[in-house]
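Here the structure comes first, spelled out in structure tokens, and everything after it is commentary.
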């Protein structure tokens, strides 16, 4: 890649504006011409997909807010009004509700990619921790948004989840009362959740900007885990990765469109089509699918306080991941033993999600406890020991060497004509 060139507008108006507010020069230097490792695969496109999904959620959410009424006696009917009477209201609502699921699908792939390729290791620890904060804010935003339709699962989900904080000693009960705005889940609760659900996406947008800023300090990670050593290791972000990200976004949008147009309620709960009724408890209360692994951890521990601690601890462990993984090799592609444990960990997370959707009884609870134990063992025991005991494969000396070796193997595998 050639060296950066200083942006010089061709028109007099452009030069006048650039001298006073150099936005175009900033975009050219830090976006279009930004030096990016030449070996990034499609797993790296989910950062751009997440940015696009956040924009879709904000735009669709603002549109829905224009027609939604945050009052317990009118919230459910206002959602029905959006679906039936607002022009394309059904489309906007399904885009927003399924967009939340697509958002979490993309973020889970993004996080597991980072865990596999060691994107959390020095010098990217702060970048990783900002990403975990984004994930926590996403979880809070999604939970509050699910309460807003004020259906049966919305109401009872809010009651169960907020009541978990009552397990905290001393501050638990006052905290729950503050969250509810009273002594039960009612209109003040709905108003608070509506206000926070509207606000938090803009907090997310700010955190994403901070995340990108933190990314541009050390630069992108890459599948080899080797740092950039020369201009031969990188290419300009545009047009190489704008086209690659754009293609991946189109493919992802096809999946998104399938759910919006053909299975809009598949990822939700049928019981939420009934208005909230405080006097009729559902037989099985479960959160949205993207919370199910943590819900399984919570329910698998019989003691309420310990269950809450384990649930939140399973998330906060991610903050310590850069220091729990003691291996000097970043990428899992060169760590054969780690690779096996990584996929086992992925299966455990999927298993916890499945168990979280099942009734808390019998073998489901026992299995959840076993998988919960392994979840914590992976972070607290397996990762530290692997870094000390595992013998990794030889790591290439540069990104270019890795790319050339891969191309050589590909050419050698092609049959002679």
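Some observations on this one:
- Checking the range 3-16 against the condition returns no match, with no residue being farther than 30 Å from residue 333 by Cα, assigned by TED's automatic domain parsing to the domain that holds residue 110 and surrounded by 12 or more Cβ atoms within 10 Å (Cβ to Cβ).
- Filter result (touching a helix residue (DSSP H, G or I) at 6+ places or on another chain (Cβ under 6 Å) and either in the same structural domain as residue 360 (by TED's automatic domain parsing) or assigned to a loop (DSSP other than H, G, I, E, B) (or both)) within the range 271-287: 274, 276, 282, 285, 287
- In the set (1) surrounded by fewer than 17 Cβ atoms within 10 Å (Cβ to Cβ); (2) at pLDDT 95 or above; (3) outside the structural domain of residue 374 (by TED's automatic domain parsing), residue 239 fails one condition alone, (2).
- Count - residues of the range 354-372 that are over 25 Å from the mean Cα position of the chain (by Cα), touching a residue at least 12 places away in the same chain (Cβ under 8 Å) and outside any helix (DSSP H, G or I): 2
- Residue 220 passes every criterion in (1) at pLDDT 95 or above; (2) in contact with a strand residue (DSSP E or B) (Cβ under 6 Å, 6 or more places away or on another chain) apart from (1).
- Residue 149 vs. criteria crowded, with 19+ Cβ neighbours inside 10 Å, in contact (Cβ under 8 Å) with a residue 60 or more places away in the chain, farther than 30 Å from residue 63 by Cβ and out of contact with any strand residue (DSSP E or B) (no Cβ under 8 Å at 6 or more places or on another chain): no
- Residue among 297, 350 that is surrounded by fewer than 16 Cβ atoms within 10 Å (Cβ to Cβ) and modelled with pLDDT of 95 or more: 350
- The requirement of being surrounded by 18 or more Cβ atoms within 10 Å (Cβ to Cβ) and either in contact (Cβ under 8 Å) with a residue 24 or more places away in the chain or touching a strand residue (DSSP E or B) at 6+ places or on another chain (Cβ under 7 Å) (or both) is fulfilled nowhere in the range 166-179; no residue meets it.
- Which numbered condition residue 59 fails, given (1) in contact (Cβ under 8 Å) with a residue 60 or more places away in the chain; (2) more than 28 Å from residue 218 (Cβ to Cβ); (3) part of a helix (DSSP H, G or I): (1)
- For residue 268, the conditions (1) within 19 Å of the chain's Cα centre (by Cα); (2) in a helix (DSSP H, G or I) are fulfilled apart from (2).
- Of 341, 376, all but one fail to be modelled with pLDDT of 95 or more, outside the structural domain of residue 41 (by TED's automatic domain parsing) and within 21 Å of the chain's Cα centre (by Cα); the exception is 376.
- Of residues in the range 29-56 being in a loop (DSSP other than H, G, I, E, B) and within 21 Å of the chain's Cα centre (by Cα), the one surrounded by the most Cβ atoms within 10 Å (Cβ to Cβ): 40
- Taking (1) surrounded by fewer than 15 Cβ atoms within 10 Å (Cβ to Cβ); (2) not in a helix (DSSP H, G or I) in turn, residue 19 satisfies each apart from (2).
- Residue in the range 185-208 that is more than 18 Å from residue 138 (Cβ to Cβ) and exposed (fewer than 14 other Cβ atoms within 10 Å of the Cβ) present: no
- Residue list for the range 67-89, restricted to those being without any contact (Cβ under 8 Å) to a residue 40 or more places away in the chain, in contact with a helix residue (DSSP H, G or I) (Cβ under 7 Å, 6 or more places away or on another chain) and either part of a helix (DSSP H, G or I) or not assigned by TED's automatic domain parsing to the domain that holds residue 146 (or both): 82, 83, 89
- A single entry from 243, 255, 204, 200 fulfils the requirement of being out of contact with any helix residue (DSSP H, G or I) (no Cβ under 7 Å at 6 or more places or on another chain) and closer than 30 Å to residue 285 by Cα: 255.
The values are calculated or read from the model by the stated rules, or taken from the named source; none is laboratory data. Treat the numbers as computed from the prediction; the structure is a model and nothing was measured. Methodologically, a virtual Cβ is constructed for each residue, glycine included, from the backbone with ideal geometry; neighbour enumeration extends over all protein chains shown.
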